[in-house]
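The values are calculated or read from the model by the stated rules, or taken from the named source; none is laboratory data. This structure is a prediction, so every number in the text was calculated from the model and none was measured. Backbone-built Cβ (ideal geometry, glycine too); neighbour counts: all protein chains shown.
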Amino acid sequence: QTVAVITPYLAQPGTQFYVEAFNARAAELGWDVSVVDTAGDVGAVISRIEDAVIQNVDAIVINVDPVQVGAGLAAAADAGIPVVGMDAGNDPLLAANVTSNGYAMAAETAVYVADRINGAGNVVMITFDPFPPVQVRGVVADAVFQNFPDINVIDRITPDVSDGGIADSRAKMEAILTANPAPGSIAAVWAAWDQPALGALQAIEAAGRENEGIVITGIDANPQAREAVAAGGNFEATVAQDFAGIGRTAADTVARLLAGEQILTQNVYVPTVLITAANAAE
Amino acid sequence: MTTLTLSDISRRYGAVQALQGVSLSLQSGEVHALMGENGAGKSTLIRILAGLERADSGAFHLDGAALPPLDCTSGLRFIHQELQIIPALSVAENMHIARPYPRRFGFVDWRALHRASARALARLGLSHIRPQQLMGDLGPGDQMLVRIAASLLESATQPWLYVMDEPTAALTGDEAARLFRVIRELVTQGAGVLYVSHRMGEVMELSQRVTILRDGRLIETTPIAKTDQAQIITAMTGRAMADLYPARAAAARTDTRLSVENLSSGRLQNASFTVARGEILGLAGLAGSGRGALLAALAGAACYTGNVTLDGSAPPRDATGAWRAGIAHVPPERRAEGLMLDQSITDNIALPHLNRLSRMGLRAHRRERALASDKGQAVRLKAASVQAPVASLSGGNQQKVLFARALAGNPRLLLLNEPTRGVDVAAKYDIYQIIRDLADSGTSVIIASSDLPELIGLCDRIAILREGHLTRVIANENLTEGGLLTHCYGHQGDAA
Amino acid sequence: MTSIFRRFASLLGMAAIVLFFWFNLPETFMTARNWLNISQQVSMLMVVAVAMTVVMAMNDFDLSVGAMASLAGVVAAMLFSQGWGIGAGIAAALAVGLLGGALNGFLIAGIGILPFVATLATMTIFSGAAMIVSGGSTIFGSAIPAEFGNFARGGIPLWEVDGRITRLPALTVVALIIAALLWLVLEQTSYGRRLYAIGGNAVAARLAGVRVAWLRASAFAFTGVGAAIAGLMYASRVASANPVQGDGLMLNAIAAVFLGMTLTQNGQPKILATIAGVFTLAVLENGLTQMRVDSYVSKVLVGVIIVLAVSLSAISRKRAARG
Amino acid sequence: MTSIFRRFASLLGMAAIVLFFWFNLPETFMTARNWLNISQQVSMLMVVAVAMTVVMAMNDFDLSVGAMASLAGVVAAMLFSQGWGIGAGIAAALAVGLLGGALNGFLIAGIGILPFVATLATMTIFSGAAMIVSGGSTIFGSAIPAEFGNFARGGIPLWEVDGRITRLPALTVVALIIAALLWLVLEQTSYGRRLYAIGGNAVAARLAGVRVAWLRASAFAFTGVGAAIAGLMYASRVASANPVQGDGLMLNAIAAVFLGMTLTQNGQPKILATIAGVFTLAVLENGLTQMRVDSYVSKVLVGVIIVLAVSLSAISRKRAARG
Ligand SMILES: Nc1ncnc2c1ncn2[C@@H]1O[C@H](COP(=O)(O)OP(=O)(O)OP(=O)(O)O)[C@@H](O)[C@H]1O
Ligand SMILES: Nc1ncnc2c1ncn2[C@@H]1O[C@H](COP(=O)(O)OP(=O)(O)OP(=O)(O)O)[C@@H](O)[C@H]1O
Ligand SMILES: O[C@@H]1[C@@H](O)[C@@H](O)CO[C@H]1O
Ligand SMILES: [Mg+2]
Ligand SMILES: [Mg+2]
């Protein structure tokens, strides 16, 4: 059986991991998998879905906001080919979406920040609204911080992610540090994913302000972030998404569909774990 | 009769006063020549007339009524000095750039376009040029003729004045003759012509009145009948000019410097000849006879077959090697093939000589500038400074930059293709003198020119090229223009 | 002759690509369905590329087309979400395209800024504006009227086999109409011919009395509208609008025009050639995906194949110049 | 005279930007620390931009620099992770830059493909190669030798206040050295002068004895190495290598060179002017972020300010041309 995995985000560490796990499971199941990366071009995902439909694959897996590729989903639906989302989003044309709970992850790190700074201080948020799974995290963190009258969000940055997310976040953070030179003037940096958290960490270390107790949190627990958290510096917490679990579960979900099963709840959540210095090494 | 009067026109570029209080009155029904040295302000005046540039001060009157500058252009047709073509478009489209294209249902009517263009081309006798042909595929002479033909296109309002800025600079004798025939025809039909040229002969022959500019000022406007060549030259240059051509060396030269056997390149086939040390060899021929091909081959700009030796050994076959071996050349198209217009005079002159001027690859700016001002002076270059961009120079002065570049290496062999195109009389005389001095010091010179008096005045021997063959080399004794032309056309040709 | 061979050389390259896929994908590649599919996939790029051809005819560039496509998409979507009708929203988006294009034209022809700099700056401006308008996120769902999204799914019925109707996709139709219009403008009107005159030699055109500034400005306005149309097509195709969704169109459009230029007589940008360029890029993507080549390897292959195709024409041009 | 005013006009624009931020951020903007910081942030872009200046002097472009920077970074990181030493890894990455640049040079000068097309194709190739080499993911952590990452954190100690040492960042030093070298090459050698001659009129340069093909090819090779150096600097700065991390450098580098060109006498690309262009872009980002301008709004502002700065010079140039 042939399955096409189509994503614009293969360069992202998270995507890498679940695609690998998906492939591993698919190999066990004896499938023939082709992985297509459109390198950030969401519109091209539609085209590649259409191409896969013409090839008459048995199933399609996407890792992109399904709302934006509706035309492709419709083509697949017309041809009766099931489409499964892997950390994608919701859409009636999607048979199922296997993902982590973004709302929950953001709540965990935002609350971690609020607790660590005792509900008071200036917080810098690094968010990215153009990508829906990340956008929801910002919404939740906003809500959490708003609920603390003494927490003040002094800046909400959208970094340029075309460089992988670290370098531009770092440059922006350096400017913010320069603009707030007094020790203690920044209490925490809440980042919606790990790359900007790492950029912020590098900026703080380069500015020689690692001893002010600025708390940084991220989401994803990618290995570089895990190392940083384990090192016990400013980067204190992140959330491990079970990327491998998402990939494996997505493959299993496809298998169930190919076996003719109906999936009842559209979202299939794979559990996550808050990572701090205590459990980072595991 | 229509009269356009320009009064008190001035124009300054930075430190250069290009025009200073010039007044002029142009009439239908006559050829009015505009003369002056390179940089005198002729083209500037024409650009102002065309509305391409604003005058700092001055007024225009058409038949006595004052006009805003741009309004007088409707009855005028312009041929500007620098050959302005669009190589990638067809001849017909080039002719119609500024005209409404013939249309049907709002869309271009290509057949009508081509027919109208063909009619205008026919008026100049250019039946060998097809309207559909690409402009870039034509030679420079033909390109200029097309531009002239464009001004002859029929239109609703018939023009009353044709303004031509050095139209013959790139033309050969017979091409020019066709133009003169049309000019006379236009004048007979009642139109006027404002005519700029550095060629004394054609001015004397064509025009009824002549206006002379010097350093941006009006010297005089006189009927041609009341003046002569010597007076015009004196008015232009401010000094009397004696002999136009330097005296030739008395003794015949014998030691061969360049020997060419069976050279074929492009349209040139199996040319054989020799040039002695210190000799000036002229190349005479009609357009497309192979003069350019011969010079390009020797300059290392084109591949060739055949045996060539320079001082006994084979010269390099690429341009870089040629310059290093002391073979300098002046290409025929100064803008396309010669100059970096936006760069300084120094940079343009020093370019082929950088190796010699620099030390271990590092540039010696001071020596470059010294070389440029030295050679610039030698050719009487008129420029604000040697650091000025070449684009700010008048056409003739741009040509002098190229000539200065070729001189700068004290070449063994100097290859010149139309070197005095657009150069004024006084400067031409200087250039001729320089060429002769170089020859006397041992340089061998080959010069192709469509200006036959120039060849006759300057060369020791003249090679005749016809349809790609070098038919003969004749000693320059008692040659006349007519005689030379007869050779160019072949024996049974018509020398008119 | 020479130019015929040169054009032939490049066409040969393109034909070789098609034949290669035909041979390797005998069942699916050379089918009406696949080609209709490709035609729909490229329709947005085609509109941007033909619009780009207009300014490139003048030897100019417009780097802002991608950002403008994104902006037009989010503007329309935003207005839809505020209750505007489809017609009004589309009209507003096109007006934004016209204004943005006119701004480019003004900066370039009026102020005299180099096209590259001016459109790089407006690219940033349009892109930032798209972010601001949309709040940085995707506008979708009930905000987008169903008819708007349905448009891209519809098409002109061609034939029916086994109850399945094959359609000429609506987006393909739009792209063809716009390409035809711009072909008429560039090739068959004096306006278009003057743009080529400017591209061939701007100084000559000015000396001859062509109103260079005015023509340049208007051509950029045209291109802005073209980009906006592409943005609307994109939004309709994805039934949503995202502030960066059109950005990738810019480099691809330029690539398509340049590829096309290897087909034309004097290396001029021409509408038909641009369309061939667009299809070359699209066919490569389509064929390589269908052959299930790894996407990274296929990226390298696309580059290599373009180099080879273009080399053919470059070498034959050199030959021609030499002999 | 005219050109002095023109250059003055553009410098005025740039000075106005600096003054504006100085005034609005009196405590933090005009500090040595902030400027050292900026110098470090721009160091990669500076290297790419000065390398780009070399080909732009010939009136050419290199669109592949960003992809080459990414490729060089992942090649070095990959080799490190396979146990290569730092020196060997860096040498290999530079060799990749040289080869890639030479490939560009060969396609452009040897085969005769337009620089835009050739480097667009190699951009795709290099980018795909970077994906293949890295498997598409970020290489980091223990794979990257600590000294490699530490290099970017180090610098030359300048002075000490309250026990805190202020350093001239190592990346800044590298960027300055490369800029100085390329300044020497372009402005003070016959080689550089010949590149400008090619840029002024390639046909005339060839007839005047310049070995155009050879010089063009070698200049592209230079630029490839420059891009590779920037990629290594980038990897050192983020202590990791990602197959797309350098991609954004390309457009910014071109923007910087063009911005710089508004400062020079005949609008020629010059190293010092490019550096001014690079700093203009960086100062805008830095100042606007410090002023806490919304990221989207600041994007629009960057575009607007560039337009204004460049307009000043364009308008004064027009004035000058008029008299
Ligand atoms: N755009 C410009 N910028 C600066 N100086 C200029 C410009 N155009 C013309 N000049 C100067 O104005 C003077 C007159 O130039 P113009 O071209 O009118 O001379 P001309 O009489 O036509 O000479 P030629 O016989 O060589 O064509 C020259 O000194 C020239 O250098
Ligand atoms: N001195 C030179 N240096 C470099 N290139 C030259 C030189 N002379 C001529 N050329 C070039 O050589 C080519 C052939 O010359 P051209 O077109 O004049 O043909 P031709 O048959 O030689 O005609 P003619 O006899 O009228 O010169 C042209 O491209 C021309 O520009
Ligand atoms: O969920 C992850 C995010 O955390 C971010 O890393 C980008 O890729 C997505 O798949
Ligand atoms: Mg003149
Ligand atoms: Mg000739």
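Applying the selection to the stretch B:368-411, what residues are within 16 Å of ligand 5 (Cβ to nearest atom) and either of a type in the set (A, V, I, L, M) or at positive phi (or both)?
Listed by number, the list holds a single entry, B:402.
Across the stretch C:217-248, what is the total count of residues that are at the interface with chain A (Cβ under 7 Å from one of its Cβ atoms), closer than 13 Å to residue C:175 by Cβ and not hydroxyl-bearing (Ser, Thr, Tyr)?
Residues meeting the conditions: 1.
Count, please, the residues in the stretch B:280-295 that happen to be within 24 Å of residue B:320 (Cα to Cα) and either within 16 Å of ligand 3 (Cβ to nearest atom) or more than 18 Å from the chain's Cα centre (by Cα) (or both).
5
Quick grid of which residues meet (1) within 16 Å of ligand 5 (Cβ to nearest atom); (2) in the same structural domain as residue B:175 (by the TED database); (3) touching a strand residue (DSSP E or B) at 6+ places or on another chain (Cβ under 8 Å):
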| position | (1), (2), (3) |
| --- | --- |
| B:271 | yes, no, yes |
| B:284 | yes, no, yes |
| B:289 | yes, no, yes |
| B:308 | no, no, yes |
| B:314 | no, no, yes |
| B:348 | no, no, no |
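Condition first: in a loop (DSSP other than H, G, I, E, B), crowded, with 21+ Cβ neighbours inside 10 Å and either over 17 Å from the mean Cα position of the chain (by Cα) or not basic (Lys, Arg) (or both). Now tell me which residues in the stretch B:412-433 satisfy that.
B:418, B:419, B:420, B:422, B:423, B:424
Of the residues B:282, B:300, only one is modelled with pLDDT of 90 or more, within 14 Å of chain D (Cβ to nearest Cβ) and away from ligand 1 (no atom under 16 Å from the Cβ); which?
B:300
Sort out which residues of the stretch A:90-110 are buried (at least 20 other Cβ atoms within 10 Å of the Cβ) and more than 22 Å from residue A:238 (Cβ to Cβ), and write them in order of number.
Scanning the stretch A:90-110 gives A:91, A:94, A:95, A:96, A:97.
Of the residues that make up the stretch B:343-358, is at least one part of a loop (DSSP other than H, G, I, E, B), charged (D, E, K, R) and more than 16 Å from ligand 4 (Cβ to nearest atom)?
no
Can you work out which of the residues in the stretch A:63-88 that are hydrophobic (A, V, I, L, M, F, W, C), surrounded by fewer than 24 Cβ atoms within 10 Å (Cβ to Cβ) and in a loop (DSSP other than H, G, I, E, B) is modelled with the lowest pLDDT?
A:79
Any idea which of (1) of a type outside the set (D, E, K, R); (2) buried (at least 19 other Cβ atoms within 10 Å of the Cβ); (3) within 22 Å of the chain's Cα centre (by Cα) is the one residue D:109 doesn't satisfy?
Here residue D:109 meets the rest and fails (3).
Collect the residues in the stretch B:325-346 that are within 16 Å of ligand 5 (Cβ to nearest atom), over 16 Å from residue B:392 (Cβ atoms) and more than 7 Å from every other protein chain (Cβ to nearest Cβ), keeping them in residue-number order.
B:329, B:330, B:332, B:333
Among what's in the stretch B:353-392 and is away from chain D (no Cβ under 14 Å) and in contact (Cβ under 8 Å) with a residue 40 or more places away in the chain, pick the residue that is nearest to ligand 3 (Cβ to nearest atom).
Out of the qualifying residues, it is B:386.
When the residues of the stretch C:115-128 are filtered to those that are at the interface with chain D (Cβ under 8 Å from one of its Cβ atoms) and in contact with a Phe, Trp or Tyr (Cβ under 6 Å, 6 or more places away or on another chain), which remaining residue is surrounded by the fewest Cβ atoms within 10 Å (Cβ to Cβ)?
Filtering the stretch C:115-128 for residues that are at the interface with chain D (Cβ under 8 Å from one of its Cβ atoms) and in contact with a Phe, Trp or Tyr (Cβ under 6 Å, 6 or more places away or on another chain), the one surrounded by the fewest Cβ atoms within 10 Å (Cβ to Cβ) comes out as C:116.
One residue is enough: does the stretch B:286-304 have a residue meeting the conditions in contact (Cβ under 8 Å) with a residue 24 or more places away in the chain, surrounded by fewer than 23 Cβ atoms within 10 Å (Cβ to Cβ) and away from ligand 2 (no atom under 16 Å from the Cβ)?
No; the residues of the stretch B:286-304 include none that is in contact (Cβ under 8 Å) with a residue 24 or more places away in the chain, surrounded by fewer than 23 Cβ atoms within 10 Å (Cβ to Cβ) and away from ligand 2 (no atom under 16 Å from the Cβ).
Would you call residue C:314 small (Gly, Ala, Ser) and touching a residue at least 60 places away in the same chain (Cβ under 8 Å)?
Taking the combined requirement at face value, the residue does not satisfy it.
Name the residues in the stretch A:206-261 that are charged (D, E, K, R) and closer than 26 Å to residue D:37 by Cβ, would you?
A:209, A:210, A:212, A:227, A:236
Kindly indicate whether residue B:373 is of a type in the set (S, T, N, Q), outside any loop (DSSP other than H, G, I, E, B) and more than 16 Å from ligand 2 (Cβ to nearest atom).
In short, yes.
Pairs needed: first member in the stretch C:293-305, more than 7 Å from chain D (Cβ to nearest Cβ); second member anywhere, buried (at least 23 other Cβ atoms within 10 Å of the Cβ) and not in a helix (DSSP H, G or I); C-beta distance under 7 Å; at least 6 residues apart or different chains.
Correct list of pairs: C:295/A:36; C:295/A:37.
Out of (1) in contact (Cβ under 8 Å) with a residue 60 or more places away in the chain; (2) more than 24 Å from residue B:332 (Cβ to Cβ); (3) among the β-branched types (Val, Ile, Thr), the odd one out for residue B:85 is which?
All conditions pass for residue B:85, except number (2).
Are there helices (runs of 4 or more DSSP H) fully within the stretch B:8-124 with at least 1 residues that are within 14 Å of chain C (Cβ to nearest Cβ), more than 16 Å from ligand 2 (Cβ to nearest atom) and within 16 Å of residue B:218 (Cα to Cα)? List them.
The helices (runs of 4 or more DSSP H) meeting that bar are B:42-49.
State yes or no: is residue C:206 more than 11 Å from chain D (Cβ to nearest Cβ), surrounded by fewer than 22 Cβ atoms within 10 Å (Cβ to Cβ) and in contact with a strand residue (DSSP E or B) (Cβ under 6 Å, 6 or more places away or on another chain)?
No: the conditions fail for residue C:206.
Mind telling me which of the residues B:143, B:158 ends up being in a loop (DSSP other than H, G, I, E, B) and either crowded, with 23+ Cβ neighbours inside 10 Å or out of contact with any Phe, Trp or Tyr (no Cβ under 9 Å at 6 or more places or on another chain) (or both)?
Every option except B:158 fails the conditions.
How about the stretch B:98-117: which of its residues are out of contact with any Pro (no Cβ under 8 Å at 6 or more places or on another chain) and either among the small types (Gly, Ala, Ser) or in contact (Cβ under 8 Å) with a residue 40 or more places away in the chain (or both)?
Hits for the stretch B:98-117 are B:98, B:99, B:106.
Go through the stretch B:2-34 and give me each residue that's among the β-branched types (Val, Ile, Thr) and out of contact with any Leu (no Cβ under 6 Å at 6 or more places or on another chain).
B:2, B:3, B:5, B:16, listed by residue number.
Scan the stretch A:194-220 for residues that are acidic (Asp, Glu) and away from ligand 3 (no atom under 16 Å from the Cβ) and report the count.
Total meeting the criteria: 3.
Of all residues in the stretch B:74-97, how many are away from ligand 1 (no atom under 16 Å from the Cβ) and crowded, with 18+ Cβ neighbours inside 10 Å?
The qualifying residues number 14.
Determine whether the stretch D:26-35 contains at least one residue that is closer than 30 Å to residue D:243 by Cα, part of a helix (DSSP H, G or I) and in contact with an Asp or Glu (Cβ under 8 Å, 6 or more places away or on another chain).
no
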